[in-house]
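To start, the structure under review is shown below, and the notes come after it.
The values are calculated or read from the model by the stated rules, or taken from the named source; none is laboratory data. Note that the structure is predicted; figures quoted are calculated from it, not measured. Ideal geometry is used to build each Cβ from the backbone, glycine not excepted, and the neighbour counts take in all protein chains shown. The protein model used for the area step is the full one, side chains on, heavy atoms only, and it has no ligands, DNA or RNA in it. Shrake-Rupley method; radii C 1.70, N 1.55, O 1.52, S 1.80 Å.
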Amino acid sequence: MSQRLDKVLGNLGYGSRREIKEWVRQRRVTVDGAIVTDPGQPVEPHRQTLAVDGAAVRYTLHLHLLLHKPAGVLTATADRRQSTVLDLLPMSWRRPGLHPVGRLDKDTEGLLLLTTDGELSHRLLTPKRHVDKEYYCRLNGPLAAEDMAAFAAGITLGSGEECRPAQLLPGPGQTEARVIIVEGMYHQVKRMFQALGREVLYLKRLRMGPLRLDPDLAPGVARELTRAEVDNLYVEAGLPTVP
Ligand code: URA
């Protein structure tokens with residue numbers, strides 16, 4: 001069944017009718033490769049390929065993205081003054097409801113999952129499910145055997161909050177380590193080291209549950225999750241995989 005192009009793009013959350021009209025005027029929208037000149041052009045979205053700025057419009061129910069977050073951007077959906085992780089995404093991925101799953105500090109880099117599926121993110125974040133997160137960190141001094149033991153026993157933060165037992169895996173260098181935690185308290189990794197009198201100089205998230213940072217993904221770049229990655233996340237979240 002054919003529908004107006006501006007309605008199709010509007011319903012998918014690409015923008016308002018007025019914005020879409022403006023993009024059409026700027027010759028940024030194509031249908032099957034042909035530039036659209038009329039925002040009301042009838043299209044058959046499931047049979048034809050629509051694109052905005054050369055990026056194909058997708059009709060999947062949910063969008064899931066893996067972003068290599070660079071340092072210097074906020075994990076937020078909007079901010080008046082500072083750039084956010086959403087600002088890094090091409091227009092065609094800025095759907096309503098797209099949000100980061102959890103938070104990385106402004107100076108932290110690495111894996112950030114973004115999804116439109118609120119139930120998925122809730123289940124991946126709830127402390128009840130113990131979805132583990134792995135970080136690479138560089139510290140201001142060498143690690144000691146007592147540090148591994150303290151992480152394994154469960155660290156009490158300066159605020160008095162108690163962390164669940166975590167893994168501290170030293171190396172490759174004397175001041176480098178990987179940390180695996182099963183919760184996501186505010187500044188947790190930095191505060192765990194602080195409690196031991198150490199300072200984290202650099203922090204990068206490598207993994208969240210079954211999802212790993214893609215080594216081919218440059219900082220600031222996102223890609224859609226593969227089908228296998230999506231399925232593994234839904235299994236981790238205890239949700240049925242989407243047929
Ligand atoms: N722990 C931190 O201290 N910061 C992060 O960004 C993530 C985990």
**OP:** Would you check which residues across segment 91-117 are in a helix (DSSP H, G or I) and surrounded by 15 or more Cβ atoms within 10 Å (Cβ to Cβ) and list them?
**Re:** Ser92, Trp93
**OP:** Check off (1) surrounded by fewer than 16 Cβ atoms within 10 Å (Cβ to Cβ); (2) of a type in the set (Gly, Ala, Ser); (3) within 13 Å of the ligand (Cβ to nearest atom) for Ala149 and give me the number that stays unchecked.
**Re:** (3)
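One line per residue, one yes/no per condition, for (1) within 12 Å of the ligand (Cβ to nearest atom); (2) out of contact with any Gly (no Cβ under 7 Å at 6 or more places or on another chain); (3) closer than 30 Å to Asp231 by Cβ; (4) open to solvent by 60 Å² or more (accessible area, probe 1.4 Å):
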{"residue": "Leu157", "(1), (2), (3), (4)": "yes, yes, no, no"}
{"residue": "Glu162", "(1), (2), (3), (4)": "no, no, no, yes"}
{"residue": "Leu169", "(1), (2), (3), (4)": "no, yes, yes, no"}
{"residue": "Gly173", "(1), (2), (3), (4)": "no, yes, no, no"}
{"residue": "Tyr186", "(1), (2), (3), (4)": "yes, yes, no, yes"}
{"residue": "Glu199", "(1), (2), (3), (4)": "yes, yes, no, yes"}
{"residue": "Leu203", "(1), (2), (3), (4)": "yes, yes, yes, no"}
{"residue": "Leu206", "(1), (2), (3), (4)": "yes, no, yes, no"}
{"residue": "Arg212", "(1), (2), (3), (4)": "no, yes, yes, yes"}
Original post:
Which ranges mark the strands (runs of 3 or more DSSP E) fully within segment 164-236 that have 2 or more residues being free of Cβ contacts under 8 Å to residues at least 40 places away in the same chain?
Top reply: 167-170
Original post:
Which ones in segment 118-145 are among the small types (Gly, Ala, Ser), open to solvent by less than 30 Å² (accessible area, probe 1.4 Å) and over 12 Å from Glu236 (Cα atoms)?
Top reply: Gly141, Ala144
Original post:
What are the residue pairs meeting all of these: first residue in segment 62-81, first residue in a strand (DSSP E or B) and among the β-branched types (Val, Ile, Thr), second residue modelled with pLDDT of 90 or more and open to solvent by 50 Å² or more (accessible area, probe 1.4 Å), Cβ atoms under 6 Å, and 6 or more apart or on different chains?
Top reply: none
Subject >> Residue ID - modelled with the lowest pLDDT, chosen from residues in segment 17-61 that are among the aliphatic types (A, V, I, L, M) and part of a loop (DSSP other than H, G, I, E, B) >> reply: Leu61
Subject >> Residue match in segment 215-237 (condition: within 16 Å of the ligand (Cβ to nearest atom) and over 17 Å from the mean Cα position of the chain (by Cα)) >> reply: no
